[in-house]
Each structure stands twice: as C-alpha cells, then as structure tokens.
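Notes follow the structure.
The values are calculated or read from the model by the stated rules, or taken from the named source; none is laboratory data. These figures come from a predicted structure and were not determined experimentally. When we count neighbours, we look across all protein chains shown, and the Cβ atoms used for this are built from the backbone with ideal geometry, even at glycine.
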Amino acid sequence: MDHPVIELAGLSVRFGNRDILKDLRVSLTGRTIGLLGPNGAGKSTLIQTLLGFVPLSGGSASIFGHDIRHQTRELRALVGYMPENDAFIANLTAVSFIRMMGELAGLPPEAALERAHEVLFYVGLGEARYRLLGTYSLGMKQLAKLAQAIVHGPRLLILDEPTNGLDPPARIRMIRLIKEMKDTGRMHIVLCSHLLRDVEETCEEVLILKKGRIVHYSNLEEERRANKRFVELETVGEEKDFTGALTAMGCECVAAGFGRIKAVLPPDFELREIYRLAAERDLQLRRLNYRRDTLEDIFLKAMEA
Amino acid sequence: MAVYKRTYAAYQGSFTPAWSRFMILHRYSFARLWQSRFLVMFFMASFFYPLGCVAYIYLSNNLSVLSSFGIPAPLSNFLKVDSSLFLYFCWVQGAFAYLLTAFIGPSLVSPDLVNGAMPLYLCRPFSRAEYVLGKMSVLIFLLSVVTWIPGLILFVIQASLAGWEWTTANAWIAGALMLGMLVWITVLSLIALAVSAWVKWKIAAGGLVLGVFFAGAGFGTALNSVMRTQYGTLLNLTQVMYTIWSQLFRVGTTEGISARSAWICLAVVCAICLWMLLKRVRPFEVVK
C-alpha cells in the first residue's frame, strides 16, 4: 500500500508557552510540495519537526508511513535536507564534505566518494570540488548544500529556501535542478520558500501556513484547471449592460472600476461570445487578458482569510 | 552513473551498518588533525619519556650492565620498579595528554558549530550521542596511544624481565594504570569537547581548556586559605586526579581530600560536561 508522502494528524508544536504549530491536519501525496507562508508562520519549524529535531506537543505525523516520533532513524535515511542557513565545514574541500555526508547517511566510503564527485558535477560544482568550502561564494554554498542533500539518493528532499541569496542565473539553475530531480520520478520534493514564483514553477501541491495553522491547501494542477477560464477585460464605453449580458450567460463578473472587469467563465462558454457581446453594445475592448489564477492570488486570498 | 552524464540518479547500492558510523567522524577528524606539523612533532615528543622508562626498566633488571660501566652497587640498588614508577609515568604522560587535549580538543566540535553544520549531521540516521562518541573517540584514541598503551607496554617489558613471580604480585598495577589513565583521558576529552562546543574561537577554546585546570588550581588554593578548609582542592582537577592515581597505585598522598571525594568530583565534572554538550550539540540553536 502506498503511504502519503507526508501525513499530519493534529500535529502541534509548542515552545515554552507559545504555540508554534497548531493542530495541523493534511495528507500530502504530490511529487513536489510547496510550503508557503509569511515570516513566523511555522514553515521551518514544521520541517524541523518532520526531521525529528523538535518534539511534538500533540498529534502525530508520518513520512512515507514512518512515524516521526518512533521511527526517526528509518525516516532520516529516506530524507535529504537542505537547510536555510549556512551549513558547511569551512576547512573541508567540497568533495570531502559531500563524501563525509554520504558516509554518514550509510554509503560505503568508496561509493560515497564516487557519489560525491557525481553530485558535485550534477549541481555544477565539478570544477570547484577540490576547493575549500570556506572559499565558496554564497551561490556555490547553496549548491554544495543541495549536493549533500542528494548524495545518498533520498526519497524525499526537503529544501528550505533553496534560492535564498542567489542571483537570477543561479536561481534559474537551482529551479532547473529541482525540476530535473522531480522529473526523474524517484524523488519527492518539499520546497519551503517565500518566493511564490519558485513554488509556482516547481510544485504540484501547496500548503500555506499562517500563524502556525494551515490556512490553505491546494493542488496547483487542479487549481490551474479549475481557473483556466478566467479573464480580465479593460473596456471603454458603457460596461453595465455588457456585464449584465455576461452574467446572464453564466459568467461571474466583478467590475473593478475604470472599465476593468474580471470574469470567471462557465465551462461551456466560448471566448468569441465576449467579442460578440462587446460588438453588439459598441463597447471597445482595449485588453482581454486570459489567465489562470496565479499562486499569488491564491496566497493573497489565503492570507486574507 | 558516469561523471560525464551529469544527470541525477538515485543511489541503489548497499549501506554500512548503523553502529559503525560514529567512526566516520573519527576518521575525518584524524585526517584533519595530522595536517598540523606541530601536532605530529608534539605527538612524537610524548614518547620520549616512555622510551626513558624502557631504558630504566632494562637497567634495573640488568644491574650487571651498570657494573660494567663502573657504577657502584649502592647506586645500582637504588633502581627499582614498583608502583611509584608507574605513578610517575601517569603523572608525566598525563601532563602530555593534557597539553595534547588543549591543542586538539578545540578543533573538534567548534568548526561544525561555527558554520551551522550540525543539522547536516543530525538530519541523517546519526544521533547526537553518536556525534559526541565519534568526536570523543578521536581524543580517547590519541590520548590512549600516549598514556595507558605505552604504560601497559612498560608493564609487559618489566614482567618479561622480572619473571612470573613479580608479575603475579604486581598484576594489579596494570589494572590501576589502565583504569587511572582511562579516567583521566575521559575527563580531559569531555572537558575539551564541552569547551569546544561553547567557545567557537579555537584559540580561546584551547586557552580555556588550559585555564580550567590552572584557574581551578589557583581558585582552589585561595579558597583553602580563606576558608581554612581542604575542599578547595576539589577545584584543582590535577590534584584530584593525582589523589585517585595515588589510591589506585596504593601510594599515600599528603593532600587533604579523600579518594572518595575525588571520584565524586570527577563524576560531577563529567556530568557537567555532558550537560554542556547536550545543550550545544543540537540541530538548531535555541534563541531566547
């Protein structure tokens, strides 16, 4: 039987008198799962809890069916973790560092050395693999952190703000690597980020946290399908009659003022109808933006909730 | 996967047994330590005294060699091998172990804490206890090589030269030597690791390891003078350890603390060090 990647059943975490995570309940099955939320929402705490770093104050959680409280060792063997902050040993070369991390994950020394070379080439640090980590730039350190997280071939890769501090080309490279790893079909990825664009580009499922609670869970693929008939219009002329006609045809319209209209179209609605209705009323259509509901819209809605 | 392909592939080979993984830290730490020439030279220097002891033991068992050099018999009779020799051996090699610890200890934990590498260790199937054990094994192994292992070799040499009768009568010395030295290097290792975990700057941590002993001794003496008591000696860890060695080697000591107090003192020191390690060796820093 296939277990969900992550299952939270009333998970709660408390530091002192402060509730950090409150009664989280969700079952995540996607290949790439985005973890979103404003600062202090509890994203990093959730990751640390899943890794067994933080004790639970209530509920339970499991990764691939392994209880995070009682099967920590088995669970950690399946997980690769790329932390948010700097995490390296300055006076080790990249290849020694990755090899050591591979060995600690259980790889025999020879296999760990081979894998260290492979993953360093894979992430793009092949030419710099004999340099001390202390001499690496921020972007290179991020890549080294990614390399150590995948050296043992984990089933679940947890990335905490992987694009932090990266310049645009480095960010694109990181996103490409994440997509590639996802596409291998062997690895599930949890991506925790402030950057909605990163999550939108890579994730299938999104969990939005706010003040330690889940405020929204969505399957992005389904959301995209559900919102594919979403248009933004900019008109000049008498729009009231036009929106009335659209509504009569089953559209949900919102007038945003100054001739701007947002409309969610029903499934059988054809776009040419918009042009026809506008022509009949001698209404100028200055812009018709056909777009799906973006993650930003979803996120902002969740934050307002 | 060949390097030139540069695509991701999961690892599908075998895994090492979980119990052996603490030795990985041991291996990597050693590789780093031996890059220091000073350490290599100091390590070599720590064998001079055991070599001197070998010569002493040989001469004391071969007095005819001294006679051939014209050394008078009364002076030759002065040479004898008993528990005092091994107590002095502990004292001298214990001092070397102490200096080695001050040199090696700070570089063990602090580099992992300085750049936040701790979560990378602990997100793997690798516990905090294994981490401490792995780091501690570096010191235990290195200090064993300069303390009880040469001590036991000396005992074996003496036993082979003095015969079965001496060996059976003095077998307890071997046990005392091993136990005494193991206690000392355990205390040293724990202090060094605890200091290394709390003081990230290596030089300061090394100084603090030395300071724990010197400052403790000074403060203990001052406490004894001011309070007119002997309990201040408990702060002098070198004296505490000497008291234990004296008890183990059945040699009287003039200091006021009892062997029992000394054992309790060392147990408390070890417990404090473990507590300090527990507080710092964790995957994330608690900011209050």
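Just one residue in the set A:139, A:106 is farther than 23 Å from residue B:13 by Cβ, of a type in the set (Gly, Ala, Ser) and either in the same structural domain as residue A:46 (by TED's automatic domain parsing) or surrounded by fewer than 23 Cβ atoms within 10 Å (Cβ to Cβ) (or both); that residue is A:139.
Taking each residue of the range B:260-279 that is without any contact (Cβ under 8 Å) to a residue 12 or more places away in the chain and looking for partners that are surrounded by fewer than 19 Cβ atoms within 10 Å (Cβ to Cβ) and among the aromatic types (Phe, Trp, Tyr) with beta-carbon atoms closer than 6 Å, six or more apart or interchain, yields nothing. Among the residues of the range A:146-185, those that are closer than 25 Å to residue A:2 by Cα and loosely packed, with under 15 Cβ neighbours inside 10 Å comprise A:179, A:180, A:183, A:184, A:185. When you look at residue B:140, is it surrounded by fewer than 24 Cβ atoms within 10 Å (Cβ to Cβ), modelled with pLDDT of 95 or more and away from every other protein chain (no Cβ under 14 Å), yes or no? Criteria met by residue B:140.
Scanning the range A:34-77 for residues that are hydrophobic (A, V, I, L, M, F, W, C), out of contact with any His (no Cβ under 7 Å at 6 or more places or on another chain) and within 28 Å of residue A:183 (Cα to Cα) turns up A:35, A:36, A:46, A:47, A:50, A:51, A:61, A:63, A:68, A:77. When residue A:4 is tested against (1) within 14 Å of chain B (Cβ to nearest Cβ); (2) out of contact with any helix residue (DSSP H, G or I) (no Cβ under 9 Å at 6 or more places or on another chain), exactly one condition is not met: (1). Taking the condition among the small types (Gly, Ala, Ser), within 14 Å of chain A (Cβ to nearest Cβ) and surrounded by fewer than 21 Cβ atoms within 10 Å (Cβ to Cβ), does residue B:116 pass? Against the criterion (among the small types (Gly, Ala, Ser), within 14 Å of chain A (Cβ to nearest Cβ) and surrounded by fewer than 21 Cβ atoms within 10 Å (Cβ to Cβ)), residue B:116 qualifies. Being at the interface with chain B (Cβ under 10 Å from one of its Cβ atoms) and either farther than 17 Å from residue A:159 by Cβ or surrounded by fewer than 20 Cβ atoms within 10 Å (Cβ to Cβ) (or both) is a property that holds for residue A:86.
Okay, residues lined up against (1) not in a helix (DSSP H, G or I); (2) not small (Gly, Ala, Ser):
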| position | (1), (2) |
| --- | --- |
| B:208 | no, yes |
| B:212 | no, yes |
| B:216 | no, no |
| B:223 | no, yes |
| B:232 | no, no |
| B:239 | no, yes |
| B:284 | yes, yes |
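Candidates A:25, A:18, A:14, A:31: the one that is touching an Asp or Glu at 6+ places or on another chain (Cβ under 8 Å), over 22 Å from residue B:127 (Cα atoms) and of a type in the set (Lys, Arg) is A:31. Checking each residue in the range A:90-122 for being more than 28 Å from the chain's Cα centre (by Cα), facing another protein chain (nearest Cβ under 7 Å) and within 13 Å of residue B:28 (Cβ to Cβ) picks out A:91, A:100, A:103.
Considering every residue within the range A:203-214, establish whether at least one is surrounded by fewer than 24 Cβ atoms within 10 Å (Cβ to Cβ) and within 30 Å of residue A:278 (Cβ to Cβ). There is no residue in the range A:203-214 that is surrounded by fewer than 24 Cβ atoms within 10 Å (Cβ to Cβ) and within 30 Å of residue A:278 (Cβ to Cβ).
Out of the residues in the range A:55-104 that are part of a loop (DSSP other than H, G, I, E, B) and among the polar types (S, T, N, Q), which is farthest from residue A:32 (Cα to Cα)? The selected residue is A:91.
Scan the range A:25-49 for residues that are part of a strand (DSSP E or B), surrounded by fewer than 23 Cβ atoms within 10 Å (Cβ to Cβ) and either outside the structural domain of residue A:160 (by TED's automatic domain parsing) or in contact (Cβ under 8 Å) with a residue 60 or more places away in the chain (or both) and jot them down. Across the range A:25-49, the qualifying residues are A:25, A:26, A:28.
Considering the range A:189-291, the qualifying strands (runs of 3 or more DSSP E), each wholly inside and each with 1 or more residues that are farther than 30 Å from residue A:19 by Cα, run over A:230-236, A:252-257, A:260-264, A:284-290.
The residue that is nearest to the other protein chains (Cβ to nearest Cβ), counting only those in the range B:1-60 that are surrounded by 14 or more Cβ atoms within 10 Å (Cβ to Cβ), of a type in the set (Val, Ile, Thr) and in a helix (DSSP H, G or I), is B:24.
Pull out all pairs, ordered by first then second residue, where Cβ-Cβ is under 7 Å, the residues are six or more apart or on different chains, the first lies in the range B:221-247 and is surrounded by fewer than 17 Cβ atoms within 10 Å (Cβ to Cβ), and the second is outside any helix (DSSP H, G or I). So the pair list comes out as B:230/B:256; B:230/B:257.
Quick grid of which residues meet (1) at positive phi; (2) touching a Ser or Thr at 6+ places or on another chain (Cβ under 6 Å); (3) among the aliphatic types (A, V, I, L, M); (4) assigned by TED's automatic domain parsing to the domain that holds residue A:85:
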site	(1), (2), (3), (4)
A:150	no, no, yes, yes
A:173	no, no, no, yes
A:183	no, no, no, yes
A:207	no, no, yes, yes
A:212	yes, no, no, yes
A:253	no, yes, no, no
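Of the residues making up the range B:62-83, not a single one is at pLDDT 90 or above and buried (at least 17 other Cβ atoms within 10 Å of the Cβ).
Would a scan of the range B:230-252 turn up a residue that is charged (D, E, K, R), more than 20 Å from the chain's Cα centre (by Cα) and modelled with pLDDT under 85? For the range B:230-252, residues charged (D, E, K, R), more than 20 Å from the chain's Cα centre (by Cα) and modelled with pLDDT under 85: absent.
Selection within the range B:119-137: residues that are among the hydroxyl-bearing types (Ser, Thr, Tyr) and assigned to a helix (DSSP H, G or I). The member of this set that is farthest from the other protein chains (Cβ to nearest Cβ) is B:137. Total residues in the range B:156-189 satisfying the condition of being within 17 Å of residue B:259 (Cβ to Cβ) and surrounded by fewer than 16 Cβ atoms within 10 Å (Cβ to Cβ): the figure is 4.
Scan the range A:153-165 and give yes if some residue there is outside any loop (DSSP other than H, G, I, E, B), over 20 Å from residue B:9 (Cα atoms), under 21 Å from the mean Cα position of the chain (by Cα) and within 11 Å of chain B (Cβ to nearest Cβ), otherwise no. Looking through the range A:153-165, at least one residue is outside any loop (DSSP other than H, G, I, E, B), over 20 Å from residue B:9 (Cα atoms), under 21 Å from the mean Cα position of the chain (by Cα) and within 11 Å of chain B (Cβ to nearest Cβ).
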